[in-house]
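Student: Okay, handing you the structure first.
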Amino acid sequence: MLIKTTQLEKRVETSEGPLQILHPIDLQINAGDSVAVVGASGSGKSTLLSLLAGLDLASAGRVEIDGEDLQQLDEEQRAKVRADKIGFIFQSFLLVPSLTALENVMLPAELAGNSEARQQAKQMLDSVGLGERAHHYPNQLSGGEQQRVAIARAFIGKPKILFADEPTGNLDAKTGEKIEQLLFQLNQQQGTTLIVVTHDNKLAQRCSRKLTMAAGRLTEEQ
Amino acid sequence: MWARISLRLLRQELKRGELTVMALAIVLSVTAVLSLSVFSDRLQQGLMNRSSEFLAADRVLSSRREIPQQWLDKAQSMQLSVAWKVMFNSMAYAKQQLQLVDIKAVSKGYPLRGQLKIAQQPFAEGQATTKLPETGHAWVDSRLLQSLQLTIGDRIELGRSSFIISQVLSYEPDVGFSVFTDSPNVLIRRSDLAATGLIQPGSRVRYNLLLSGSEQNLADYYQWLKPKLNGDTYRWRSVEDGDSPLARSLRRAEQFMLLASLLGVILAATAVAVAAQRYCQRNYDVVAILKTLGAGTSTIRKIFIFHLLMLTLLSIAIGWLLGWAIQAAVIHYVAQQLGETLPNAGWQPYALAATTGFVSAVMFTLYPLLRLLTIPPLRVLRRNLSSSLTARWLQWLFCGGTIYFLLVIYSQQWWLSTALFAGGGVAVAILLLISRGFIRLSRQAGMQAGSAWRLAMAGLQRRASSNSVQMLSFATAIMLLLLVIALRNELLNDWQRQLPADAPNYFAVNVAADDVQNMQQRFAEQDVETTDFYPVVPGRLTHINDIVLVDEASKEGPEKQPQQEVREGVGRELSLTWRETLPPNNEVVDGAWWQPNANPQVSVETRIAERLKIALGDQLTFDIGGEVFSVPVTSIRDADWNSLQPNFYMIFNPQTLADFSTSYITSFYLPAARKNELYSLLKPYPEVSLIDLDAIVAQLREVVAQVSLAIIYVLVLVIIAGALVLVAQVQASMEERQKELVILRTLGAPGTLLRRSVSYEFLIMGAISGLIASIAMDLSLALLQTQVFGMDAIWHWRFWLIGPLAGAIVVALLGRLSCQQLLRKNTAELIRHWV
């Protein structure tokens, strides 16, 4: 079991009293699974993703990644877990604007102390078809190209889990499809566990499991 | 690893110009501080040297008793240049006539500062010389030749010795302004002095040890000397003591430079703060991404601290280079303009500039940096998430503390720093409130306006919080500018008032009462303007109330009863005068000026009143030629010693002195071109002595010219600093503006509307800032004038118009120029850039 949540809950305090964003969730994801989380805007998908990735803390319950209880870890330790085991892809790409494509891809490897970061980053860029554009800055790349850099960055550390938040949300249908293919191709090559939050039904269909979030409650389509 | 990432971020950001504003702000602060302080340091040293000429040395130790030779030897051993100057009055005898002269016996090296000028004709323009009279020779004042009808080559007897008059002394740096006590000067060698037999026990001689050298050596020497000095006998003088006619101008110049440096620092710090804020905000996403990718807080901290450190050090280095180049250019210009080589500044300005750059970079970046480091990784998903650190007071603490610290190290005056700081704090609070108020008002006004205006007002309102801060900095920059301009005008006017082009350059003394009217008429006919004729009666002040005044050296004085209280007197005869009205350039500070036909009374000048501890209502006893009388002090008066008018310590009402026989004194202006008319002008009045002030006036003018130049330089620097702050501010709002433009363009707003609305927004902001600045400037100026410079407060109504106008134009221009690139882009480009 790679990811396990037990009675995972998220509440926030608002001026009109506490607001339950996630109702208790019990979820288990095995290594190699590809899981789609679908649902309307504001249903709590991103919140779930942030809790699973250790970007945020739950109000109650627990999240275990590879046997480690994230709730018990401090910020530094959670960062370490992310560095070692988790990759990310975001809707708005989130590349560092002042670094080139190559440098963006190198970043996680360097943070993990990998001495061959540059070499590996080049290979990753080649594998997403951007070897020629290694020295371009994000604003010199198209949306699709930026997302491919982000995918290269996500896979360079050979993460056990890849979280993707609306990876095709900012792209046109054709480019989106290409990105989808690339994502699943690398996922299969590396045997990564994929958790993807999406509105895109087609993308969700490609996943082995499909979870639906509605008003903070999670259900699974069998 | 972190260093590599940090350097890479820095390199790329520098390459892409992202950090330009931040780096420029630091470079600017270092450049401004360095060039300003090097320049003012060098200028001050130059001024000091120049003004030291009035002493003919950097320091003078003077005494009525002979100064021990070993004191001179010690000074020499401490690498100081030294010379003796012995001065006393004596009678000179030539061609069967007697004349009281001031004998100045000097040793090799005199004058240590400045130069003597000599000529072969009386009242002629002299040639500078480094020589002294040869043994057996004397150089004499034109007045002596005039009064004894002598020419070069004649002999003059002083005591038992006879001297050949070999040169006319046309200029002595240390001649001073003492019009009444000065008889014509005679310069001889000190080695010739003993043979004259003029110095006997009890002679009224003033011994002077002249010293010059580095400030440090002089200070060290004074430390050594101080315990040996008996305050009653010895006097230690420097040019700043207030005795020199330049001292006040110098002190003001120094204060102005100090203030300008402080203003420069505050401006530079503002620029750094604005740029740092923007820099950190731009990096919120980077931090969130790094954290998401697994970077620990300590790694991120190292990355950004190293990053900023590198940027700061690099900027300081560039600032040093630029600052050095600028001051070198200015000094070169000064040298060309004024023919002056200014001395080298020490290392202190470099240290000061680096400290300023470093401290302001670090401290003004600290709060934004702390916020940056606490950006949660969750921001990658929730893009509007910001730092959990919201302790705004911390920022005020860091920035305020830094400004205060810099103020203190700059001024080295706690009280001035605290006053400026407290005043600044109150001003900031008020300005913030006012600018918010204005923004709200303008929004309401804008609702009725045309669409471009409405858009501009809406923009202002939308960014109300950041705009009020921006306006605050605009207002500060404009205020500082106006302040410098106004102060410059005030100071220059003040100086120019004292030194108008037709400032008197000659004093005529010893004018007989019968000649006054005739002389007035003759001068008027020749188109030579004279000041008032002042009657002069020599007299001695003998008692204050019942306290006897004695002379310091001989302890001579009127007969005193045993156990009677004594006090040190003036030490010489005073020149007494009487007048119906208060003389120009005088101001009664205590008591009141007399009414016509009042009882006998006297008005005393402030400085001598302080020195002799004379208070309003005291009874002063005078002895004029054996006739003794007492009068009450009914007013204390400030006299302007920098004005080249006759000034008097004691002025009586006419009833008191009218019966004494008197001579008169006046001053007049004669252009250099008409100098040859002097002789014929004064021919009918052979007993009149003439004192030539041309050289001194020229010297004063030169100093004023240098200081004016320095002030213009300061002004230019402040203008550049102000402009950069403005640009930094506009740049800081650029990203948000871009987003707005994208939306408006997408909605189909025409380019002209957008361009106009941007211009109007800056126009309004500039006008409001300018108005606030004018008000604040006038208030602070009034404070500065009355508290620091000792001037009267003057309101500058025209600045209330100029401020908003200039503010609107400058801010709009700079703002438009800064946004120009943005406004030129087409929508597709904008969207791509935004993404």
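Student: When only the heavy atoms of the protein chains count and the probe is 1.4 Å, how do B:Glu627, B:Glu580 rank by accessible area, highest first? Numbers along the way, then the final one.
Tutor: Values: B:Glu627 110, B:Glu580 85 Å².
Putting B:Glu627, B:Glu580 in descending order of accessible area: B:Glu627, B:Glu580.
Student: Moving to a separate point now. Per the Debye formula with a single identical scatterer at each Cα and no solvent contribution, what log10 I(q)/I(0) holds for region A:115-207 at q = 0.17, 0.18 Å⁻¹?
Tutor: Log10 I(q)/I(0), no solvent term: -0.72, -0.81.
Student: Return, for the Cα atoms of region B:607-685, the radius of gyration and Dmax in Å, separated by a comma.
Tutor: 17.6, 50
Student: Let me check the size of region A:30-86 from its C-alpha atoms; what are the radius of gyration and Dmax in Å?
Tutor: Rg then Dmax for region A:30-86, in Å: 12.1, 33.
Student: Find how much the distance from B:Leu805 to B:Ala524 grows on full extension, using 0.36 nm per residue of separation minus their present alpha carbon separation; answer in nm with one decimal. Spell out each step's value before the answer.
Tutor: On the way: separation 281, 0.36 × 281 = 101.16 nm, distance 4.86 nm.
Net length gain for the segment: 96.3 nm.
Student: Also, quick follow-up: List the lysines whose alpha-carbon lies under 20 Å from that of A:Lys85, not counting same-chain residues fewer than 8 positions away?
Tutor: Reachable lysines: A:Lys4, A:Lys158, A:Lys160, B:Lys291.
Student: Here's something else I'd like to know. Keeping every protein chain in place, order B:Met777, B:Met363 by accessible area at 1.4 Å, biggest value first, i.e. largest first. Display every interim value, and only then the final one.
Tutor: Values: B:Met777 0, B:Met363 55 Å².
These residues rank, largest area first, as B:Met363, B:Met777.
Student: With charges only on Cβ, +1 for K and R and -1 for D and E, what is the dipole size of region B:506-692 about its Cα centre, in debye, rounded to 20?
Tutor: My answer is approximately 180 debye.
Student: Convert each backbone phi in region A:139-155 into a coupling constant with the Karplus relation 6.51 cos²θ - 1.76 cosθ + 1.60 (shift: θ = phi - 60°), then list the ³J(HN,Hα) values in order as whole Hz, x for Gly and Pro.
Tutor: 6, 9, 10, 6, x, x, 5, 4, 5, 5, 4, 4, 5, 4, 5, 5, 8
Student: While we're looking at this one, here's another question. What 222 nm value per residue comes from the helices of chain A, counting each DSSP H run with n ≥ 4 as -39,500 (n - 2.57) and dividing by all residues, nearest 500 deg cm²/dmol? Working shown, then result.
Tutor: Working: 7 runs with 78 residues, N = 222.
Rounded to the nearest 500, it is -10500 deg cm²/dmol.
Student: Further question: When all protein chains stay in place, what accessible area (Å², nearest 10, 1.4 Å probe) is found for A:Thr6?
Tutor: It works out to around 50 Å².
Student: What ranking of B:Glu66, A:Glu13 comes out by heavy-atom accessible area, probe 1.4 Å, highest first?
Tutor: On the way: B:Glu66 110, A:Glu13 150 Å².
Largest accessible area first, the residues go A:Glu13, B:Glu66.
Student: Which of the listed residues, A:Ser46, A:Gly143, A:Leu70, is farthest toward the dipole's positive end in region A:29-154, when Lys, Arg count +1 and Asp, Glu count -1 at the beta-carbon?
Tutor: Towards the positive end, the residue furthest out is A:Gly143.
Student: Greater than 25 Å separation of Cα atoms is the criterion. Which listed pairs, B:Lys104/B:Lys131; A:Lys174/A:Lys210; B:Lys74/B:Lys117, meet it? Walk me through the numbers before you get to the answer.
Tutor: Numbers: B:Lys104/B:Lys131 15 Å; A:Lys174/A:Lys210 23 Å; B:Lys74/B:Lys117 31 Å.
Beyond 25 Å: B:Lys74/B:Lys117.
Student: What is the set of long-range amide H partners of B:Thr542 at a cut-off below 5 Å, with H atoms built 1.01 Å from backbone N?
Tutor: B:Thr621, B:Phe622, B:Asp623
Student: In whole Å and largest first, what semi-axes does the C-alpha gyration tensor of chain A yield when each eigenvalue is scaled by 5 and square-rooted? It would help to have the intermediate numbers written out before the result.
Tutor: Details: eigenvalues 170, 76, 53 Å².
Each semi-axis is the square root of five times an eigenvalue, giving 29, 20, 16 Å.
Student: Over the Cα atoms of region B:506-692, Rg to Rh with Kirkwood Rh, two decimal places?
Tutor: Radius of gyration over Kirkwood radius for region B:506-692 works out to 1.01.
The values are calculated or read from the model by the stated rules, or taken from the named source; none is laboratory data. None of the values given here were measured: they were computed from a predicted structure. Here Cβ is always computed from backbone atoms with ideal geometry, including for glycine, and neighbour counts include all displayed protein chains. Just so you know, the surface numbers come from the protein's heavy atoms only, side chains and all, with ligands and any DNA or RNA stripped out. Shrake-Rupley method; radii C 1.70, N 1.55, O 1.52, S 1.80 Å.
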